[in-house]
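Report on the following structure.
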Amino acid sequence: MTICDPPVIPDVHPALVGRFSPVGFDPTIEVSDGQIDSLLDAARHAPSAGNSQPWQFIVGRRGGDTHRRIVRHLARSSSQWAPSASVLFVNLAHTTVEGTDDWEYSEFARYDLGQAVAHMTIQGLHLGLDAHQFRAFDRSGIAGEFSVPAHWEVTSMTAFGVSTHSAGEIRSAGTSRERASRADITWARG
């Protein structure tokens, strides 16, 4: 029997190490229905508390009506780069029980949505798509535009496409690849 010694510190997957948030997307790249379905399927497979799956998405492919409706609610900062992404996803969290003002649907709804979006981001890398998650937009404007009911929260957006620049090439808010050390992110370890 052969025993292999694992590396002292296992490598982080190259997709995770190389991932960055682009602020320039190639406006000629189109995404297919199959690629969008693949991103949505990645979200469907994300873990959630009690398998509640408290997420939904508004999907706007560049050039389409849904995309135009989303873009008009972007903040000035994101409106300079997000419209050229191949597709914009508005990420929704199921926060309260329908018909109530304060009965929490799941205390983990936003966390679970984050898991789903993270799965989509990694699936996008697998498909050759870069992603930039952001919050620079009018949440209530999007909710009104798409008649999102009060028990759902418009939480964030994700732009998918092919970056026109490499990591660190363009300096912009939120694009730094500098990361805190393991020691900096560890509260306690034993």
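Structure summary
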{"quantity": "S32 being among the small types (G, A, S) and modelled with pLDDT of 95 or more", "calculated": "yes"}
{"quantity": "Considering residues of the stretch 28-38 that are hydroxyl-bearing (S, T, Y) and free of Cβ contacts under 8 Å to residues at least 40 places away in the same chain only, the residue least open to solvent (accessible area, probe 1.4 Å)", "calculated": "S32"}
{"quantity": "Residue match in the stretch 119-136 (condition: in contact with a Lys or Arg (Cβ under 6 Å, 6 or more places away or on another chain), at pLDDT 85 or above and within 17 Å of Q56 (Cβ to Cβ))", "calculated": "no"}
{"quantity": "Within the stretch 149-166, considering residues that are of a type in the set (G, A, S) and open to solvent by 50 Å² or more (accessible area, probe 1.4 Å), the one farthest from the chain's Cα centre (by Cα)", "calculated": "A150"}
{"quantity": "Matching residues, the stretch 112-133, being free of Cβ contacts under 8 Å to residues at least 60 places away in the same chain and either under 22 Å from S48 (Cα atoms) or of a type in the set (S, T, N, Q) (or both)", "calculated": "L113, G114"}
{"quantity": "The stretch 135-148, residues that are surrounded by 16 or more Cβ atoms within 10 Å (Cβ to Cβ), of a type outside the set (A, V, I, L, M) and free of Cβ contacts under 8 Å to residues at least 60 places away in the same chain", "calculated": "R139"}
{"quantity": "Tally of residues being among the charged types (D, E, K, R), touching a strand residue (DSSP E or B) at 6+ places or on another chain (Cβ under 8 Å) and surrounded by fewer than 20 Cβ atoms within 10 Å (Cβ to Cβ) across the stretch 39-91", "calculated": "3"}
{"quantity": "Selection within the stretch 95-125 - under 25 Å from D33 (Cβ atoms) and either open to solvent by 30 Å² or more (accessible area, probe 1.4 Å) or among the hydrophobic types (A, V, I, L, M, F, W, C) (or both)", "calculated": "L113, Q115, A116, V117, A118, H119, M120, I122, Q123, L125"}
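The values are calculated or read from the model by the stated rules, or taken from the named source; none is laboratory data. All values derive from a computational prediction rather than experimental measurement. Cβ coordinates were reconstructed from backbone atoms using ideal geometry, including for glycine residues, and neighbour counts include every protein chain displayed. Heavy atoms of the whole protein, side chains included, go into the accessibility calculation; ligands, DNA and RNA do not. Shrake-Rupley method; radii C 1.70, N 1.55, O 1.52, S 1.80 Å.
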